[in-house]
Number of protein chains: 2
Amino acid sequence: MVPHLTTALNGPLLSLEKSMLDAMPKIEHWFRSQWLEYSSPFYASVDLRNSGFKLAPVDTNLFPGGFNNLNPDFLPLSVQAAMIAVEKVCPEAHRLLIIPENHTRNTYYLRNVVELVNIMKQAGLDVRVGSISPEITEPTKLETHDGHTLLLEPVVRVGNRIKLINAELGDFDSCAILLNNDLSAGIPAILENLEQNLIPPLHAGWSTRRKSQHFAAYNRVASEFSALLGIDEWLLNPYFDTCGEIDFHARTGEECLALKVEELLAKIKIKYAQYGVTQEPFVIVKADAGTYGMGIMTVKSPDDVRDLNRKARNKMSVVKEGLQVSEVIIQEGVYTFESINDAVAEPVVYMMDHFVIGGFYRVHTGRGIDENLNAPGSQFVPLAFEKPCTTPDCAGAPDAAPNRFYAYGVVARLALLAAAIELQEQDPLNQ
Amino acid sequence: MVPHLTTALNGPLLSLEKSMLDAMPKIEHWFRSQWLEYSSPFYASVDLRNSGFKLAPVDTNLFPGGFNNLNPDFLPLSVQAAMIAVEKVCPEAHRLLIIPENHTRNTYYLRNVVELVNIMKQAGLDVRVGSISPEITEPTKLETHDGHTLLLEPVVRVGNRIKLINAELGDFDSCAILLNNDLSAGIPAILENLEQNLIPPLHAGWSTRRKSQHFAAYNRVASEFSALLGIDEWLLNPYFDTCGEIDFHARTGEECLALKVEELLAKIKIKYAQYGVTQEPFVIVKADAGTYGMGIMTVKSPDDVRDLNRKARNKMSVVKEGLQVSEVIIQEGVYTFESINDAVAEPVVYMMDHFVIGGFYRVHTGRGIDENLNAPGSQFVPLAFEKPCTTPDCAGAPDAAPNRFYAYGVVARLALLAAAIELQEQDPLNQ
């Protein structure tokens, strides 16, 4: 089940994983106490990068869109976690309305929605899918690439509620609404001031969220966790900084960006020297709000951001839904040293409530070890869960596939916890 | 994964399963509301009988001893459920002491303990196994039939706590103690008045529990659930009655028993006529407190209990640990119409917290369809979980293996809920 992985297994990562395995009861106890204090997001996926010397989250998505890439053998685990999530967030719900993204032509994304519907149905809810896309004006059956059918029904606003109105299937009014739409285009009026329970809340969308706020919360989480384990926080945490008010077209803010890039590269160089890492440091510059691997570039020198040509500036200035980028985050780049059949790979971990339910490798043949892999052309290989030990003592080397997945799950849950803190702090009710 | 099953698929069971599948959102919603009201036992296993016209629980075990029989592919599901159970019962725990049964020569039972340790370790606890058997006076390594090693350490009482004292491994004092010992021999003094958290509580042991109390609670659960579904409660619920103060040796109480048997058989006959069942009704007479399939007999006529020979009386009068039987329960017998390779089979469903984590078929070549299968010579075949649908519409016949397992899970959870009610009512703190 676990694909063959080539990973640089020298240096601190082995010892990092070993410390996690040794400290498992301590780690799980710490997580339990954290989850008594913070409410987990309903679901999330975390992109990790494993450089052999460092294992760190680089992106946390609160509207995961790849449920179809999870190992189908572990569906019951997703269903069980979904039952827990529902018990916590909306135990009184009979029905669930799922609102997906508007890009209804991406048949792989539609397959994700089919799988999400399947999980929530098996968790015992009556589920229908309501679209807020202006293109969906009547119940519309769409086909996925692999022959599944998804019925999208137009969402109708009636007072402070949204519902589905359908003479054939009957109307559908649910007390709980699950968003699988990251609101990159802003909060649509139809979703504002609803009396229904929106999961996750509107402020989890990219119209409100900032990566820099997430990683500021992650700084605190990683700091506390590293102290617990007695390890260097940097092994889990990429440096970052921000630049506000950049206009790539008008070329304003470029100097600020170049300066921050220079500072960050210098900080990384010191750490690389400390750990004997011989690679060239790099940073990733990306939109502070946004998703889908647009508006992202790999930078190895401050000059890289000073000499942007028109094409690069165009690429950087727009993310999903045509939004202009004005705030960027500069994040320490983490090389990926994992590869599958010579293609670079990065793990993506899926969680529901605060449980790891699976994950997959994002694999990209056309990209380098210092590039973002969440881009067109990605392929996906399911990550396996721990298999039961067949040896009496259960002792495996820390780099064995099952154990590596434990470390992945730990780091992903640290990012999840940061998202929980971020959501609590950004909650309009708390401000 | 699902073994080939021959099942009588005519009559009301099909329609019963169909109503459960149709009402799945309603059922899960109902369970959610019940679990807001009652605390689930930490773990449980439920023996079911599927007669083709009836699907009912016949025994609910609060100290399950067959974790080794679960499908190892679904270990992550047990681990996840264990994490939830720990969060609810003892979130502050770092360590867990497991106290197994004293019969340390049953290598299959020991294998169950190994698996339970494995689950709880993977749920993130520091786990050790402490024995209260007088035979274990020093740390003792035992081997299972399949080469696993289990270290049993003698439990030591210090004030109002129990702990392990071990110069080599270090002492072990845990705030939580998991019992996998059903206390058939009574509550040992070493476990009385502990300040530590005993899971499940002492009154879940057979020294306090009565099957008749469990099934009295199940009457109420089945009644409410059947009303919800609009079905005849009898399809899920075996009739039962009790006789107190029986002495099989002195032959006192035999008339009461014969009378109750006669009444029960008459009631079953009416139901059989109503549903067109042509089999001969039978009842099972068993000890009201106890386990392990001792002290059990199949009875088809009141005369069967009047003319007991010495051998049958000996067999009936003693259960595990040599305890005398004085209270018996008379329970409607449910034919098993499931078989695997011509051997009769009955499903056993495992739960942790209120989640179904797996199950297996207990298979017995030497027994009839009207006999108890929890007896020496049983074999075990893992039950499979639902596999993801490969067809677009996910519609299977209700008798398809995955769907049947849903119905098994529902009925098992009804019994679990009855156990929760029973434990709450029998809690010394509530009396």
For this session: Compute the FRET efficiency between A:ALA375 and B:VAL158 as 1/(1 + (r/R0)^6), taking r as their Cβ-Cβ distance and R0 = 60 Å, and round to the nearest 0.05.
Result: 0.45
Exercise. log₁₀ I(q)/I(0) of region A:223-270 at q = 0.14, 0.31 Å⁻¹, via Debye over equal Cα point scatterers, no solvent, to two decimals?
Worked result: -0.50, -1.07
Seminar exercise, completed: Within 10 Å of the Cβ of an average residue in B:94-102, the count of other chain Cβ atoms is 1
Exercise. Which residue, B:ALA185, B:ALA287, B:ALA44, tops the fluctuation ranking in a GNM of chain B built on C-alpha contacts under 10 Å?
Worked result: B:ALA185
Exercise. Based on the mean of other beta carbon atoms within 10 Å per residue, what is the order of B:125-134, B:248-257, most packed first?
Worked result: B:125-134, B:248-257
For this session: Give the cross-link partners of A:LYS315 among the lysines, using a straight C-alpha distance below 17 Å as the criterion and excluding same-chain residues fewer than 8 apart.
Result: A:LYS286
Exercise. Given label points at 7 Å from Cα along Cα→Cβ, what nm distances, shortest first, separate A:ILE270 from the same residue in every other copy?
Worked result: 8.7
Exercise. Just counting partner chain Cβ atoms within 10 Å, what average do the residues of peptide A:19-28 show around their Cβ?
Worked result: 3
For this session: List the relative contact order of chain B as a percent without decimals, with contacts defined as Cα pairs under 8 Å and 6+ residues apart.
Result: 23
Seminar exercise, completed: Each label sits 7 Å from Cα toward the beta-carbon; between A:THR107 and B:GLU425 the label points are separated, in nm, by 5.8
Exercise. Assigning unit charges at the beta carbon (Lys, Arg +1; Asp, Glu -1) and nothing else, what dipole magnitude in debye, to the nearest 20, does region B:67-204 show about its Cα centre?
Worked result: 80
Exercise. Lys/Arg Cβ at +1, Asp/Glu Cβ at -1, dipole of the protein assembly as shown taken about the Cα centre: which of B:ILE340, A:VAL129, B:PHE355 is farthest positive-ward?
Worked result: B:ILE340
Seminar exercise, completed: For region A:148-270, percent of DSSP beta bridges that are antiparallel (nearest 5) comes out at 65
Exercise. Mind checking Rg over Rh on region A:211-300, alpha carbons, Kirkwood formula for Rh?
Worked result: 1.00
Exercise. What FRET efficiency would be calculated for the residue pair A:ALA312, A:GLU143, taking the C-beta separation as r and a Förster radius of 25 Å, to the nearest 0.05?
Worked result: 0.10
Seminar exercise, completed: Here the percent of antiparallel bridges among DSSP beta bridges lying wholly in region A:67-204, to the nearest 5, is 40
Seminar exercise, completed: Result row for chain A, helices from DSSP H with C-alpha axial extent 18 Å or more and mean Kyte hydropathy at least 0.5, is A:75-89
Exercise. Using modelled amide H (1.01 Å from N, peptide plane; none on Pro or chain starts), what sits under 5 Å from the amide H of A:GLY333, excluding residues fewer than 5 places away?
Worked result: A:PHE282, A:VAL283, A:ILE284
Exercise. If you put a point 7 Å past Cα along the Cβ direction, how far is that point for B:GLU195 from the same point in each other copy, in nm, smallest first?
Worked result: 5.2
Exercise. Taking a spot 7 Å from the Cα of A:ILE165 along the direction of its beta carbon, which residues of region A:117-141 have an amide N less than 20 Å from it?
Worked result: A:128-141
For this session: May I ask you to report, in nm to one decimal and beginning with the shortest, the distances from A:ALA227 to the same position in the other copies, taking label points 7 Å along Cα-to-Cβ?
Result: 5.5
Exercise. For the protein assembly as shown, what is the percent of antiparallel DSSP beta bridges, rounded to the nearest 5?
Worked result: 80
Problem set entry | Qualifying aspartates and glutamates (Cα of each under 12 Å from Cα of A:LYS26; at least 8 residues distant if same chain) | B:GLU92, B:ASP126
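At 0.692 mPa s and 37 °C, plugging the Kirkwood radius over alpha-carbon pairs of region A:67-204 into Stokes-Einstein gives what diffusion coefficient in µm²/s?
On the way: Rh = 15.4 Å.
Translational D for this selection: 214 µm²/s.
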Exercise. In peptide B:61-74, what is the residue-averaged number of other protein chain Cβ atoms found within 10 Å of each Cβ?
Worked result: 1
Exercise. Over the Cα atoms of the protein assembly as shown, what Rg and Dmax result, in angstrom?
Worked result: 29.8, 103
For this session: Send over the semi-axes of chain A's equivalent ellipsoid, whole angstrom and largest first, taken as the square roots of 5 times the C-alpha gyration tensor eigenvalues.
Result: 34, 27, 20
Problem set entry | region A:130-183-region B:38-114 distance, computed between alpha-carbon centres (Å) | 41
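So how strong a dipole does chain B carry about its Cα centre when Lys and Arg Cβ are +1 and Asp and Glu Cβ are -1, to the nearest 20 debye?
The dipole magnitude comes to about 340 debye.
Readers should treat all values here as calculations from the given coordinates under stated rules, not as data from a laboratory. Note that this is a predicted model, so its numbers are computed, not measured. Every residue, glycine among them, receives a Cβ derived from its backbone with ideal geometry; neighbour counts consider all protein chains shown.
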